[in-house]
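Structure record follows, encoded as structure tokens.
The values are calculated or read from the model by the stated rules, or taken from the named source; none is laboratory data. Not measured: the values here are computed from a predicted model. Glycine gets a Cβ as well: all are built from the backbone with ideal geometry, and neighbour counts include every protein chain shown.
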Amino acid sequence: MLRRGTDLGFRMSAWLAKALVLLSWGPAGYGDELFYGALRTIEISVLAYFLGLTIGALGATGKLYGPKWLKELLHGYTTLVRAVPELVLLLLLYYAGTDVVNTMLGGFGKGPIEVNGLAAAVGVLGFVQGAYSTEVIRAAILAIPHGQMEAARAFGMGGPLMARRIILPAMLPFAMPGLANLWLIVTKDSALVSVVGGIAELSLVTKQAAGVTKQYLLLYLVTAFIYLAITLFSNRIFNWLENMTRRGQRKLT
Amino acid sequence: MVWDWLFTYWPQLLYGLWITLVLLVLSMVLGMLLAVPIGLVQVTGPWWLKYPARGFTTFIRGTPLLIQLWLMYYGLGQIFPMIPGLRHSFMWPVLREGFFYAVLAFTLSTAGYEGEVMRGAFLGVPRGELEAARAIGMSPFQVLRRVWLPRALRLVLPTLNGETILQLKSTPLAYTVTVMDLMGATSMIRQDTYRIYEPLIFIAVIYMFITFVITKGFSYLERQVPVKR
């Protein structure tokens, strides 16, 4: 019995030693690779998120105040993107985007190029995010009490001025929960990029490291906790932001 | 656009559609069954159930589904062969398939997301109704079965439509663990025929159609539930 106990202890400490080596910094371990992969994931997510926000702001404006054809076009865009799986869209847009860029280059008499992995990932994820942002921002603008807009107009404010002074600050408290959610979604969706490959973000790095070392369980667990840490940290920031946008308002119960 | 491959590959696509639907239904049903206790113990459970349940929902909601799936398929797939006897047991043919891990990962994911929704739903049932049930002498279990759970389930019904569609949109991930669902069939067709866009556009339309059917189905279901207006 005693022998078996020490045997188990020995095996556990051996496993722990192996895990530490595997996660160490430098050429022996994958600590640095995972760290830079995580940075890449954050980079892709931030860029795609802001691209999505830009599309969303424009899309919401177009959907609310645009001409009829634009409204219909945007309705098609948001419906399509929200009904088709992200992975299918990702593959479709990845190949289509690469094709469009190369056709355009061909038009200028230049040969085909390999599309930058970061640009492709950001473009595709941003396009998907844009559809969701459009809906979040549109709903938030609609939630602004009508009297505020009328008052602004009565003061003689034009469109851009009203957008900056009234609509933006009044809509943000309504939009923040949805926008926070979208940020969490984009950090997690960025993992899908690893199916296409082309950029060494956290999931792809983990996949490659696990393939080489065969330590699947350990590496995927570590990666899962890195994503979890990103999520939990983001939650804090968004809680703070939400409180900022809600200054001077009654507390929600 | 070339579509002649449809005539050759429609059996695979049909089978893929079937697998996608089985994945969706299994993971939604099993996930909901798990979500009820996960939501409940977070509201009334003892601390040794409450904190694990909260940790579980946080973990599931804070990590990408793709990583969860790979953690199951590659991670558990690495552990299972080490368990003595499992390799020769009747379970092994199931445990060898990517399908099993896909169902497991999607079920746990649904359980995590819906567990959080169920927690809110259990909290959302008016206290007075529970007190009334207790006052007329129902045991705690009777209160749960007759009042608390039915009322909570009615509260989550409107969210189920969205959750089911989200779950549908997650099923293509299964093809990364060798499951031959719609996406798996499509990727096979793409490799065989070298057509890049057509198969993907084709299944995009199918997914949109399934989404449409699900939305219709749930709005029918919601109309069946009497609501006081």
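For the condition among the β-branched types (V, I, T) and away from chain B (no Cβ under 14 Å), A:I226 does not qualify. Within region A:94-106, the set of residues being surrounded by fewer than 19 Cβ atoms within 10 Å (Cβ to Cβ) and of a type outside the set (S, T, N, Q) comprises A:Y95, A:A96, A:G97, A:D99, A:V100, A:V101, A:M104, A:L105, A:G106. For region A:29-55, a residue qualifies if it is surrounded by fewer than 18 Cβ atoms within 10 Å (Cβ to Cβ) and under 22 Å from A:V136 (Cβ atoms), and the qualifying residues are A:I42, A:V46, A:F50, A:T54. Look at (1) surrounded by 14 or more Cβ atoms within 10 Å (Cβ to Cβ); (2) farther than 15 Å from A:A83 by Cα; (3) under 20 Å from the mean Cα position of the chain (by Cα) and you find that B:R190 fails only one, number (3). Listed by first and then second residue, the pairs linking a residue in region B:142-157 that is without any contact (Cβ under 8 Å) to a residue 60 or more places away in the chain to a residue that is basic (K, R) and assigned to a helix (DSSP H, G or I), with Cβ atoms under 7 Å apart and 6 or more places separating them unless they lie on different chains, are B:V143/B:R134.
Please specify each residue of region B:176-199 satisfying the condition of being within 17 Å of B:A105 (Cα to Cα) and not in a helix (DSSP H, G or I). Once the filter is applied, which keeps residues that are within 17 Å of B:A105 (Cα to Cα) and not in a helix (DSSP H, G or I), region B:176-199 yields B:T178, B:V179, B:M180, B:D181.
When you scan region B:96-114, do you find a residue that is touching an Asp or Glu at 6+ places or on another chain (Cβ under 6 Å), over 22 Å from B:I214 (Cβ atoms) and either surrounded by fewer than 20 Cβ atoms within 10 Å (Cβ to Cβ) or not aromatic (F, W, Y) (or both), even just one? Within region B:96-114, none of the residues are touching an Asp or Glu at 6+ places or on another chain (Cβ under 6 Å), over 22 Å from B:I214 (Cβ atoms) and either surrounded by fewer than 20 Cβ atoms within 10 Å (Cβ to Cβ) or not aromatic (F, W, Y) (or both).
Per the listing B:V177, B:V156, the residue uniquely under 26 Å from B:A102 (Cα atoms) and at pLDDT 90 or above is B:V177. In region A:47-76, what count of residues is obtained for those that are more than 13 Å from chain B (Cβ to nearest Cβ), within 22 Å of B:L200 (Cβ to Cβ) and either over 17 Å from the mean Cα position of the chain (by Cα) or not in a helix (DSSP H, G or I) (or both)? Here the count works out to 1. Just so you know, in region A:56-80 the residues that are buried (at least 19 other Cβ atoms within 10 Å of the Cβ) and in contact with a Gly (Cβ under 9 Å, 6 or more places away or on another chain) include one that is farthest from A:A180 (Cα to Cα), and it is A:L74.
Among the residues in region B:44-55, are any β-branched (V, I, T) and away from every other protein chain (no Cβ under 14 Å)? It would help to see each step written out before you state the result.
Kept after step one, since they are β-branched (V, I, T), are these residues of region B:44-55: B:44.
Then keep just the ones that are away from every other protein chain (no Cβ under 14 Å); that gives B:44.
Yes - at least one qualifying residue is present in region B:44-55.
For region B:146-156, does any single residue satisfy the condition of being at the interface with chain A (Cβ under 10 Å from one of its Cβ atoms), on the phi < 0 side of the Ramachandran plot and not β-branched (V, I, T)? Show your work before the answer.
Narrowing region B:146-156 to residues at the interface with chain A (Cβ under 10 Å from one of its Cβ atoms): none.
No, the conditions are met nowhere in region B:146-156.
Residue-level analysis places A:A152 among those that are of a type in the set (G, A, S), within 26 Å of A:E135 (Cβ to Cβ) and at pLDDT below 90.
Away from chain B (no Cβ under 14 Å), touching a residue at least 40 places away in the same chain (Cβ under 8 Å) and in contact with a helix residue (DSSP H, G or I) (Cβ under 8 Å, 6 or more places away or on another chain), is that true of A:P112? Walk me through how you get there before you give the answer.
Details: away from chain B (no Cβ under 14 Å): yes; touching a residue at least 40 places away in the same chain (Cβ under 8 Å): no; in contact with a helix residue (DSSP H, G or I) (Cβ under 8 Å, 6 or more places away or on another chain): yes.
No: the conditions fail for A:P112.
Table: residues versus (1) buried (at least 23 other Cβ atoms within 10 Å of the Cβ); (2) farther than 17 Å from A:L51 by Cβ; (3) among the small types (G, A, S); (4) within 14 Å of chain B (Cβ to nearest Cβ).
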position	(1), (2), (3), (4)
A:L168	no, yes, no, no
A:M176	no, yes, no, no
A:A191	yes, yes, yes, yes
A:V196	no, yes, no, yes
A:E201	yes, no, no, yes
A:L204	no, yes, no, yes
A:Q208	no, yes, no, yes
A:G211	no, yes, yes, yes
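Surrounded by 15 or more Cβ atoms within 10 Å (Cβ to Cβ), under 23 Å from the mean Cα position of the chain (by Cα) and over 20 Å from B:V205 (Cα atoms), is that true of B:G184? Criteria not met by B:G184.
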